[in-house]
1. In whole percent, what relative contact order does the stretch 384-486 give with Cα contacts below 8 Å and a gap of six or more residues?
2. Leaving ligands and nucleic acids out of the surface, order Phe393, Phe463 by accessible area at 1.4 Å, largest first.
3. Order Leu176, Leu484, Leu344, most accessible first, counting only protein heavy atoms with a 1.4 angstrom probe.
4. Of Arg202, Arg326, which has the most accessible area and how do the rest follow, probe 1.4 Å?
5. Carbon and sulfur: what percent of the stretch 160-373's accessible surface (1.4 Å probe)?
6. Using protein chains only and a probe of 1.4 angstrom, how many square angstrom of Asp306 are accessible, to the nearest 10?
7. With every protein chain in place, what's the accessible area of Glu481 (1.4 Å probe, Å², nearest 10)?
8. Over the heavy atoms of Glu255, what accessible area does a 1.4 Å probe trace out, to the nearest 10 Å²?
Amino acid sequence: GPGQAAMYAGLQELGVANGEDLKETLTNCTEPLKAIEQFQTENGVLLPSLQSALPFLDLHGTPRLEFHQSVFDELREKLLERVSAIALEGKVEERYKKLEDLLEKSFSLVKMPSIQPVVMCVMKHLPKVPEKKLKLVMADKDLYKACAVEVKRQIWQDNQALFGDEVSPLLKQYILEKENILFSNDISVLHNFFSPSPKTRRQGEVVQKLTQMIGKNVKLYDMVLQFLRTLFLRTRNVHYCTLRAELLMSLHDLEISEICTVDPCHKFTWCLDACIREKFVDNKRARELQGFLDGVKKGQEQVLGDLSMILCDPFAINTLALSTIRHLQDLVGQDTLPRESPDLLLLLRMLSLGQGAWDMIDSQVFKEPKMEAELITKFLPMLMSFVVDDHTFNVDQKLPSEEKGPIPYPSTIPEAFTKFLQENRIACEIGLYYILHITKQRNKNAFLRLLPALVETFSDLAFSDIFLHLLTGNLTLLGDEFALEEFCTGLFDGFFLTACSRKENVHRHVLRLLLHLHHKVAPAKLESLQKALEPTKQSGEAVKELYNQLTEKLELRKPSPAEVTETPSMELPLPTVPTPASR
């Protein structure tokens, strides 16, 4: 049939007889049996020692096909081993010459399933497969699929569109995985988005596949970085920045110097990676990072675009912001002002570079963003005054109370604080991390005091997924407060519900939180929340699904009808029904 013909395609070019030849011989001969015997002799395995052995196999009923197949498989294994050996021995030019000759001879058989592995193996070991052969492989879907990644790299490096088609589904998968973690139903303060170490993250499927596809090929690496930059610009999705850093560090783990030495961000990223692992920028590493930033030479400013993207990775921002909060607390203890701390100023410098990544890559103007003096002279001291307020209040609580009665916790916030959160991106980021910090400390008073400032923030940062993911995790530590009307009104009515209807993601995060803590909320409050959170026609599947899960959980919580029915009055002769007292 036509399938058979394809299977043996190319044999005739090599002067090897195939089925068609046998058919022709038999059609034009007088003694078929003699002709078959002669065909077998001419085209069989040409080993004198076998001539006598074959009739012996016939006696045992072993079909010739089976015998030839096993000899063939054996030879193919030997040939594959030999090809791999040739690729490693002798002078470079000679070994590649041998392989090229072999490819020339065998390529016409590439469609034969039995021979294909050998042809593929030869190509895999050739650092430069002839252009003509690559074009033939590219034009044939099945051949392209069967190719080793070493051959595909040679195809990809001159076909950006084809490479893009291969990479694109991986990038989609990566973003989806990140979003699934942020919206995961497991809410915990111990295991959150930022828990996995950088090394663990780099073992992820997508990073590993991309690393494998790139190999040591700088051209492909550059293409992937170009894809990531373009997608970051198009979507503003910061997870592409994470992938940019993870990919470089994955190649670093494998010691692929061909790429690491040409990526100008390598040493900076490596140092920052160590900080992310510790979730803190220590003084020694701070100096090192500063050295890289100060060392950007005239004419090389474009590297700032790449560094800003590395610093825009949420894992980097998280580390810088946590370190900033720790520094501020230390400064309160040392009675030092923010502007007198070079370490703090460096953290702010890196935060602005990271937060300015999109604008820099978009505008192609490569210079460090200017830091607003007020951030350092007004905003940070204000945060420090909040820390002092807490200390003062805690000390006051411990002092013996005189006639004046207990001092209430400060309930107002300076107007300037709210304004900073609305107008200054860096102030907003640090402010949000300060709120996460007090929540983690279970400081309910400070939390309720600052929460109103979050309703309107710079580009709605307080309603971003990463912040809400961390906030919901930290709120589990304040679980017992959910029984109190004041706390729930502040948190839900004062914050979450202000954005639920216009932001689908906020709706999802509130439902996640309630799925986790509904049993802590007062019944009346829970009922009004259930009404307020009901999905609308516009709501997406995720919201509906979460809402249904919550409804099911609440149904289970309702007392069963048996408990609600009144106990029959005792005149009835029903001694089996327990009286309310004994229950």
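1. The normalised contact order for the stretch 384-486 reaches 25 percent.
2. Largest accessible area first, the list is Phe393, Phe463.
3. Numbers: Leu176 100, Leu484 75, Leu344 0 Å².
Output order, biggest surface exposure first: Leu176, Leu484, Leu344.
4. Heavy-atom accessible area, descending, gives Arg326, Arg202.
5. Values: 5200 of 9920 Å².
It is 52 percent, rounded to a whole number.
6. So the heavy atoms of Asp306 present about 30 Å² to solvent.
7. 40 Å²
8. The accessible area comes out at roughly 150 Å².
The values are calculated or read from the model by the stated rules, or taken from the named source; none is laboratory data. Computed from a predicted model, the values in this text were never measured in an experiment. Note: areas computed on protein heavy atoms with side chains; ligands, DNA, RNA excluded. Shrake-Rupley method; radii C 1.70, N 1.55, O 1.52, S 1.80 Å.
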